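Here is the structure we will look at, set down as structure tokens.
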Amino acid sequence: MVSAGTETSMEGTPMSWPDKIDTTRQELRALNALIPDTARAFGGLGKAVKEGGTLDFKVKEFVALGIAVATKCEPCIALHMEALIRTGATREEVGDVLSMSIQMGGGPAMMYAAKALACFDELAEN
């Protein structure tokens, strides 16, 4: 299932979520090559906040997903959803996070929560 997003393939068809993830990774590699010091620093921050601490990795990814939905960052949604699927997150757990995102972000977050659910459904079936 492909959600009704704005990104399309070269043929003009909506991109699948795995394709969106691949495209995002390609774009990030190009950016990282241009600004390697910034990329390394940001990568270090990501590593620091995800390792150790009181919350486990899955909970931290749920927090990141909620923020991604509330801030309307579709590439962030895709990458954090991919990580959550690897942790064994369930559709119901994702639904709880999406509910909180909607409560915090209102109508716009509801639209991105629908995209996030479509992302989960597509990635979970692969």
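Just a few scattered comments:
- Meets criteria (over 26 Å from residue 126 (Cβ atoms), part of a loop (DSSP other than H, G, I, E, B) and not aliphatic (A, V, I, L, M)) for residue 44: no
- Unmet criterion (only one of (1) at negative phi; (2) surrounded by 11 or more Cβ atoms within 10 Å (Cβ to Cβ); (3) at pLDDT below 95) for residue 53: (1)
The values are calculated or read from the model by the stated rules, or taken from the named source; none is laboratory data. Keep in mind that what you see is a predicted model, and the values were worked out from it rather than measured. As a convention, Cβ positions derive from the backbone with ideal geometry for all residues, glycine included, and neighbour counts pool all protein chains shown.
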